[in-house]
1. For the chain, give the percent of accessible area contributed by carbon and sulfur heavy atoms, probe 1.4 Å, rounded to a whole number.
2. Out of all Cα-Cα pairs in the stretch 97-146, roughly what percent, to the nearest whole number, are more than 13 Å apart?
3. Specify, per residue and in Å³, the volume enclosed by the convex hull of the alpha carbon atoms belonging to the chain.
4. Taking 2.2 N^0.38 Å as the expected size of a compact globular protein, what ratio does the Cα radius of gyration of the stretch 1-123 give against it, to two decimals?
5. Could you give the length gained by full extension between Glu17 and Gln68, i.e. 0.36 nm per residue of separation minus their alpha carbon distance, to one decimal place?
6. Of Ile60, Ile122, Ile200, which has the most accessible area and how do the rest follow, probe 1.4 Å?
7. For the stretch 38-87, list log₁₀ I(q)/I(0) at each q in 0.30 Å⁻¹, using the Debye formula over Cα point scatterers of equal strength and ignoring solvent, two decimals each.
8. If I model a spin label as a point 7 Å beyond the Cα along the Cα-Cβ vector, how far apart are those points for Arg25 and Leu144 in nm?
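The values are calculated or read from the model by the stated rules, or taken from the named source; none is laboratory data. Fair warning: this is a prediction, and the values are worked out from it, not measured in the lab. In this analysis, Cβ positions are derived from the backbone assuming ideal geometry, glycine residues included, and neighbour counts consider all displayed protein chains. Just the protein is used for accessible areas: all its heavy atoms, side chains included, with ligands, DNA and RNA removed. Shrake-Rupley method; radii C 1.70, N 1.55, O 1.52, S 1.80 Å.
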Amino acid sequence: MKVISWNLLRLTGAAVEDVAALLGREKPDLMLMQEATRHMEALPSLVGGHFHRLSWLGRIHGLGVWSQHRFAAPRALSLPASRLPGRLPRRRAQLVQMGEITFANVHLSHGQLLNRRQLARIAASLRGKPSAIIGDYNIVGPVLLPGFADVGPRESTHFASNVVPFRLDRCLVHGLTCRAAAALAFGPSDHRPIRLELGIAEGWGQAPNNPQHRGHRASRKDRLGRLYR
């Protein structure tokens, strides 16, 4: 399955015509979008297919998903948020079921402790299923998530203030293999789209002693719980 993920940069970045052009060139099975505004709802009128958007309370943007194939309406998963003043918006992940694979479309917070807690919440909801967490992680440095492998492109995907490069757009998978991964050229957004070719891992679910069939240890006590809810 060919998947593309792109942070569109709200109203000042990629327009719906830019997304339609990318879909025409790449022809993915699934496209995940971050910072998608209501203007993206016109996408099916340009390229056909099906589109769902998950808006964020108090913001003009949210998460969007498109596919040429019909799919069930995505579910929203609420994520941990900071208790500190001004740390809005409250973030949610968009969970999309395509055949046997569950995709989590994400745009995580900028706080380097908070975004890792958000990632752990998503992983806990997906563990035991063939799944992929894809999108703008806003994470700097490595991510260690038991049971998940980082298969996204290794190139920088974002330049902060057009100066400092970061690999913010990532993909972690569970029970899947990645045949190819690449960061595409910059377009009107300050993020590069990423392209992945994913499939079910060979032998998934066949061996009863595989780790995905065992119980998982309870996570250690979160010492930062007093700062988040």
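1. Values: 6010 of 11480 Å².
C and S fraction of accessible area: 52 percent.
2. Value for the stretch 97-146 (Cα pairs over 13 Å): 57 percent.
3. Residue-normalised Cα hull volume stands at 124 Å³.
4. 1.06
5. Numbers: separation 51, 0.36 × 51 = 18.36 nm, distance 1.65 nm.
Computed gain between Glu17 and Gln68 is 16.7 nm.
6. Ile60, Ile200, Ile122
7. These q points yield log10 I(q)/I(0) values of -1.23.
8. 3.8 nm
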